[in-house]
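The values are calculated or read from the model by the stated rules, or taken from the named source; none is laboratory data. Treat the numbers as computed from the prediction; the structure is a model and nothing was measured. Note that each Cβ is placed from the backbone with ideal geometry, even for glycine, and that neighbours are counted across all protein chains shown. Just the protein is used for accessible areas: all its heavy atoms, side chains included, with ligands, DNA and RNA removed. Shrake-Rupley method; radii C 1.70, N 1.55, O 1.52, S 1.80 Å.
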Amino acid sequence: YLMTKLEKDFEFLKRIFKKFFDRNEIKSKLNQFDELSITGWEIWLQVELMIYLNSLPDEVSEFSREIRYDLDKRKNKLRDCCAIDLLIRQKKAHSPIPIEIKQHRSASECIRRMLSDIEKYDQIRESNRPTDRFLWCLGIHSKVEDETIRKYLRDFDSKFVFTYPIPKTEFMITLF
């Protein structure tokens, strides 16, 4: 049985993100953000993820954040470029996995913004794309029922949608 590149990337990302969010120091920060009603902590999350990825030399060979790419002028006449939040190259992989990260208290707003990132990624000039891999979106939002998430993502193959309520917090992650 051979797993496709898409399935391998999905399993890899699920595993590392679940382990990342299970760390006590991350849960503690999320709870502080919640208690103090702090928003806009997306960059903090990117930096923490990079520090975490650096601690996984057996799984991750390279990573970078906020890499800029030219947009296709036929698809977007208003903007020249966009940035990809995170690129992670798994050990023994020849190309990186692009990841867009969103954070919002509201699950519906978070997912709406994640879907918008997919549209943005599709506007990157084909010759300029950083990889042949599928873009993944990671969202962190308030806990909601799995069915609610699946309703928002009804156009996606549910086998590539991962939701995980972060223990001892009011947050959950959604990956698709």
Semi-axes (Å, rounded, descending) of the ellipsoid equivalent to the stretch 1-44 per its C-alpha gyration tensor are 31, 11, 6
Label Trp44 and Glu109 with points 7 Å out from Cα along Cα→Cβ: what is the distance between them in nm? 1.7 nm
Would you work out if the chain is rounded, prolate or oblate? Take a ≥ b ≥ c from the square roots of the eigenvalues of the alpha-carbon gyration tensor; rounded if a/c is under 1.5, else prolate when a/b is larger than b/c, oblate otherwise. rounded
Amide H neighbours of Lys102 under 5 Å, at least 5 residues apart or on other chains, H built in the peptide plane: list them. Leu138, Gly139, Ile140
Taking only Cα atoms and a 10 Å spring cutoff, compute GNM fluctuations for the chain and point out the largest among Pro98, Pro57, Pro165. Pro57
Which of Glu35, Glu100, Glu25 moves most in a GNM of the chain, Cα contacts under 10 Å? Glu35
Cut-off under 23 Å on the C-alpha distance; same-chain residues fewer than 8 positions from Lys92 excluded. Which lysines are left, in chain and number order? Lys5, Lys8, Lys14, Lys18, Lys19
Interchain or long-range residues, amide H under 5 Å from Ile67's placed H: Ile84
Diffing the stretch 92-101: the Karplus 3J(HN,Hα) column from phi (6.51, -1.76, 1.60, θ = phi - 60°), in whole Hz with x for Gly and Pro, holds 6, 9, 8, 9, x, 9, x, 9, 9, 10
Rounded to the nearest whole Å², what accessible area per residue is found for the chain with the 1.4 Å probe? 54 Å²
Could you give the Stokes-Einstein D for the stretch 81-176 in µm² per second, using the C-alpha Kirkwood radius, 10 °C, 1.306 mPa s? 112 µm²/s
Run the helix sum for the chain: -39,500 (n - 2.57) per DSSP H stretch of 4+ residues, divided by residue count, reported at 222 nm to the nearest 500 deg cm²/dmol. -11500 deg cm²/dmol
Please find, in a Gaussian network model of the chain (springs between Cα atoms separated by less than 10 Å), the residue of Leu87, Leu30, Leu56 whose mean-square fluctuation is greatest. Leu56
Ordered by residue, what ³J(HN,Hα) values in Hz, to whole numbers, does the stretch 141-155 give under the Karplus form 6.51 cos²θ - 1.76 cosθ + 1.60, where θ = phi - 60° and Gly and Pro are x? 8, 5, 5, 9, 5, 3, 4, 5, 4, 5, 5, 5, 10, 4, 7
I need the phi-derived Karplus couplings for the stretch 156-162: 6.51 cos²θ - 1.76 cosθ + 1.60, θ = phi - 60°, integer Hz, Gly and Pro marked x. 9, 5, 4, 6, 10, 10, 10
In whole percent, and with a 1.4 Å probe on the protein chains, what portion of the accessible area of the stretch 28-70 is carbon and sulfur? 50 percent
